[in-house]
Each structure stands twice: as structure tokens, then as C-alpha cells.
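Have a look at the structure below before the remarks.
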Amino acid sequence: MKEGGVDVVWIETMSAPEEMRAAATAANALLMPYTVTASFDTAGRTMMGLPPPALLELTDGFAPRPLALGANCGVGAADLLMSILAMTEARPERNIIAKANAGVPQWHGAHIHYSGTPELMADYAKLAIDAGARIIGGCCGTSPEHLAQMRRALDEHVARARPIEGQIVAALGPLASPPAKAQAPRERERRRR
């Protein structure tokens, strides 16, 4: 790819820290700039248990660090934005990528259907920029129509306050895989008995 003129290695849909480190090591060995995104699709974490702020900490140890990092794919735009909020809250100065699926994937017979309309993805794009994402795109199910609506929405967007969960859910629908709430110590103790 480097010999073919690729400008940036795009490492995405990662789950395990080891796979992210291996991919970054390969890009760095070739002196290629790169990005890293993870799929936080399991109760606000990757399938391997990595929460969004831990992606920032992990990539702090990469030399050189990625040009940008963030979230892609997952279980829908609302869930992805919750991951983006966690990252931008922890490190607002980092270049954060938001690349949500066009809605929630669902099986319809023998194919996967994505519930997100172009209008929903336009709302997602506006919320993503207000959440602090600097690179905004779409992942699975995103069509040219979705991208056109997203582009138009971003071109016309006037910055708003950082969104909160209720605003995201109101605009994009419920979280498909909400982060697990931490239990109070006393509740955990009762459950053990």
C-alpha cells in the first residue's frame, strides 16, 4: 500500500489492545502515519473489555502516536456517540474519529438492514461534532445518500453545547448496548450472599 501511494494507514474495528499495538507497530515500522478506531459494541466496551478512555491511554504508549483515534462500527450511532463523549471528556485535545453505522444492524431474512435514515445520520453528524469529534464519517450501512445528508448538515451546522445522553437518545433512538452501571459496594455484597 505504501508503494501504491497510500497516505494514511486506517486501522479500524479493533477490539483487543494486542491487535491495536501490532497494527500500529507495523505502520510505524514502515514510517506510515496511521489512525486507530475500536468498536465499543459490548456495554460501552470492546468485546475484549476495553473502555473508550483506555484507548487513549493505550495509544499514548505508541511511538509515534496515531494521527487520530476513536470509534467505528458498533451497534448504532447513539452508542458510538457515548464512546466519543467518554474520549473527548478524558482528552479534549486529541483528534477523535466518529464513524458510526447507519443505525442499528438487524437481520431481515438473509441480509442485514441498517435502520438509520439519511436524516438520522445528519443528526448524528451534528451531535458528533458537538461531542468533540474532529473526523466524522459512516461505517456499515452508510450509503452515498447518508453521506450527502451528513455533509450538508455539517456545512450548515452552528456549534451547540456538548450533548448529553438524553439529547443523543432523543435524536437517534435508545442505546442498543448501554454501558453497565457500576453497582454500589453494598449492592454487590448483598448479591454475593
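The values are calculated or read from the model by the stated rules, or taken from the named source; none is laboratory data. Fair warning: this is a prediction, and the values are worked out from it, not measured in the lab. Positions of Cβ are generated from backbone atoms using ideal geometry, with glycine treated the same way; all protein chains shown enter the neighbour counts.
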| message | What's the total number of residues in the range 17-68 that are closer than 25 Å to E165 by Cβ, charged (D, E, K, R) and more than 13 Å from the chain's Cα centre (by Cα)? | response | 1
| query | Does I84 satisfy being β-branched (V, I, T), touching a residue at least 60 places away in the same chain (Cβ under 8 Å) and under 19 Å from L127 (Cβ atoms)? | reply | no
| message | Tell me whether the range 42-54 contains one or more residues that are within 25 Å of I112 (Cβ to Cβ), crowded, with 24+ Cβ neighbours inside 10 Å and touching a Cys at 6+ places or on another chain (Cβ under 6 Å). | response | no
| note | When (1) more than 17 Å from the chain's Cα centre (by Cα); (2) touching a residue at least 12 places away in the same chain (Cβ under 8 Å); (3) assigned to a loop (DSSP other than H, G, I, E, B) are applied to V158, the one that fails is (2)
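Being closer than 15 Å to L175 by Cβ and touching an Asp or Glu at 6+ places or on another chain (Cβ under 8 Å) is the filter; apply it to the range 55-76 and report the residue that is surrounded by the most Cβ atoms within 10 Å (Cβ to Cβ).
Among those that are closer than 15 Å to L175 by Cβ and touching an Asp or Glu at 6+ places or on another chain (Cβ under 8 Å), it is G74.
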| Name the residues in the range 19-41 that are buried (at least 21 other Cβ atoms within 10 Å of the Cβ) and part of a loop (DSSP other than H, G, I, E, B), would you? | S39, F40, D41
| remark: By residue number, the members of the range 119-136 that are surrounded by fewer than 19 Cβ atoms within 10 Å (Cβ to Cβ) and more than 19 Å from E89 (Cβ to Cβ) are E119
| Mind checking which pairs have a first residue in the range 115-135 that is touching a residue at least 60 places away in the same chain (Cβ under 8 Å) and a second that is among the polar types (S, T, N, Q) and assigned to a helix (DSSP H, G or I), Cβ under 8 Å, 6 or more apart or different chains? | A133/T88
| task | Enumerate the pairs (first residue in the range 65-76 and under 12 Å from T88 (Cα atoms); second residue anywhere and in a strand (DSSP E or B) and basic (K, R)) with beta-carbon separation below 8 Å, excluding pairs fewer than 6 apart on the same chain, so at least 6 apart or on different chains. | result | G70/K99; A71/K99
| task | Go through (1) over 28 Å from A23 (Cα atoms); (2) surrounded by fewer than 20 Cβ atoms within 10 Å (Cβ to Cβ); (3) not aliphatic (A, V, I, L, M) and name the single condition H146 misses. | result | (2)
| query | What number goes with the only condition from (1) touching a residue at least 24 places away in the same chain (Cβ under 8 Å); (2) touching a Ser or Thr at 6+ places or on another chain (Cβ under 6 Å); (3) not small (G, A, S) that P92 does not pass? | reply | (2)
| field | Selection status of Q149, farther than 30 Å from A29 by Cα, at pLDDT below 95 and of a type outside the set (D, E, K, R) | value | no
